[in-house]
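Some notes on the structure that comes next.
The values are calculated or read from the model by the stated rules, or taken from the named source; none is laboratory data. Computed from a prediction, not measured in an experiment: that's the story for all the values here. Please note: Cβ atoms are built from the backbone with ideal geometry, for glycine as well, and neighbour counts cover all protein chains shown.
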Amino acid sequence: MLTITRYEEVTQIKMSLFSESHPPLCACAYLVDSLLIDSGPDCTGKELADFLKDKGVKLLVNTHYHHDHIGGNAILQQNYGLEILAHPAAISRISQPPQLYPYQEAIWGHSLPSQAKEIGKLVKTPHFQFEVIHTPGHSDDHICLFERSKGWLFSGDLATVTHPRLARAEENQWETIISLKKIKELRPRVLFTAPEYIITEPSTMLEKTIQYLEETGQRIRALSGKGLSPAEIAKQLFGEDIAAQITEGQFSSENFVNSYLKVD
Ligand SMILES: [Zn+2]
């Protein structure tokens, strides 16, 4: 089901299999001018296509390749011939969406292939222009869009919660910290996040998140230096990991610890 919220000239389209849902059981796309940012999960693709029928959308940008951001791509491309743009590292993943965990398929459905092109440095619509900011960490292909004159920052899954403690295996928290600093320096006025939060004057929230992530990283490195394994560190810092059991190990505090200990 879709839940529509308007904020200034931006329309937030919240999508979920369930009514009255909140993160992590929903994903948001944003419609501004002729641009759609992300397309939500597969399970709401048809509803999204119906909603967009008379909205004049010409272009779709995916912030990254995760299934809850590209699930509507195929039907939108098929029905409306939308051009899809994404980071170069996302292109092949969008044309061949990776296998999901069974619990994910049950909630979100499985994204069908679509064809995206490499995004440039700037995306222009009739009334706005969006700077493309590469913001790896959550995934290596993650981008944010910044509309400087309005102070709007579309942050995808980069900034989700202030005190994260779970991660996928692919994440790298040190890169996330650099990306968060990068977007903080832009001094955005409003942050439009994929999980659903629209955050006004987000600098304090971004600063708190950066500080927490840096301090947590230092604690993890110190414990690792004492010889503790990632599993032992996760247990000591975050306790029992229910999320890991529910998500078959996809999201876990051990992954979160590991995401600080990767060596490039
Ligand atoms: Zn994601």
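Please enumerate the residues belonging to the range 173-210 that are within 23 Å of residue 61 (Cα to Cα) and among the polar types (S, T, N, Q). Correct list: 176, 179, 193, 200.
Residue pairs whose Cβ atoms lie under 6 Å apart, sitting 6 or more positions apart in sequence or on different chains, and linking a residue in the range 190-201 that is of a type outside the set (A, V, I, L, M, F, W, C) to a partner that is outside any loop (DSSP other than H, G, I, E, B) and within 16 Å of the ligand (Cβ to nearest atom), are 193/155; 196/14; 196/28.
Only residues that are within 13 Å of the ligand (Cβ to nearest atom) and either farther than 27 Å from residue 100 by Cβ or part of a strand (DSSP E or B) (or both) were counted in the range 166-189, giving 1. Just one of (1) within 15 Å of the ligand (Cβ to nearest atom); (2) modelled with pLDDT of 95 or more; (3) closer than 25 Å to residue 241 by Cα; (4) buried (at least 21 other Cβ atoms within 10 Å of the Cβ) fails for residue 144. It is (3).
If you scan the range 108-122, which residues turn out to be surrounded by fewer than 19 Cβ atoms within 10 Å (Cβ to Cβ) and either under 23 Å from residue 41 (Cβ atoms) or under 17 Å from the mean Cα position of the chain (by Cα) (or both)? Full working, then the answer.
Within the range 108-122, the subset surrounded by fewer than 19 Cβ atoms within 10 Å (Cβ to Cβ) is 109-110, 112-113, 115, 117-118, 120-122.
Within the range 108-122, 109, 110, 112, 113, 115, 117 qualify.
Restricting attention to the range 17-33, the residues that are touching a Phe, Trp or Tyr at 6+ places or on another chain (Cβ under 9 Å) and small (Gly, Ala, Ser) add up to 1.
Do the conditions hold for residue 93, that is, is it of a type in the set (Lys, Arg) and under 18 Å from the mean Cα position of the chain (by Cα)?
When the stated conditions are applied, residue 93 passes them.
Selection of first residues in the range 235-250 that are surrounded by 15 or more Cβ atoms within 10 Å (Cβ to Cβ) and of second residues that are part of a helix (DSSP H, G or I), restricted to Cβ pairs under 6 Å at least 6 apart or on distinct chains, gives the following pairs, ordered by first then second residue: 238/253; 241/253. Out of 163, 127, which single residue is at pLDDT below 95 and either more than 16 Å from the ligand (Cβ to nearest atom) or over 22 Å from residue 41 (Cβ atoms) (or both)? Result of the check over 163, 127: 163.
Any residue in the range 199-207 that is part of a loop (DSSP other than H, G, I, E, B), surrounded by 15 or more Cβ atoms within 10 Å (Cβ to Cβ) and more than 14 Å from the chain's Cα centre (by Cα)? The answer is yes, given that some residue of the range 199-207 is part of a loop (DSSP other than H, G, I, E, B), surrounded by 15 or more Cβ atoms within 10 Å (Cβ to Cβ) and more than 14 Å from the chain's Cα centre (by Cα). Which of the residues belonging to the range 208-264 are among the polar types (S, T, N, Q) and closer than 28 Å to residue 107 by Cβ? Across the range 208-264, the qualifying residues are 209, 245, 247, 250, 252, 253, 255, 258, 259.
If you go through the range 147-160 one residue at a time, how many are part of a loop (DSSP other than H, G, I, E, B) and either within 11 Å of the ligand (Cβ to nearest atom) or among the hydrophobic types (A, V, I, L, M, F, W, C) (or both)?
So the first thing to find is which residues in the range 147-160 are part of a loop (DSSP other than H, G, I, E, B), and the list is 148-151, 157-160.
When the remaining residues are screened for being either within 11 Å of the ligand (Cβ to nearest atom) or among the hydrophobic types (A, V, I, L, M, F, W, C) (or both), the result is 157-160.
So the count comes out to 4.
Take the conditions (1) assigned to a strand (DSSP E or B); (2) crowded, with 16+ Cβ neighbours inside 10 Å; residue 6 misses just one of them, which is (2).
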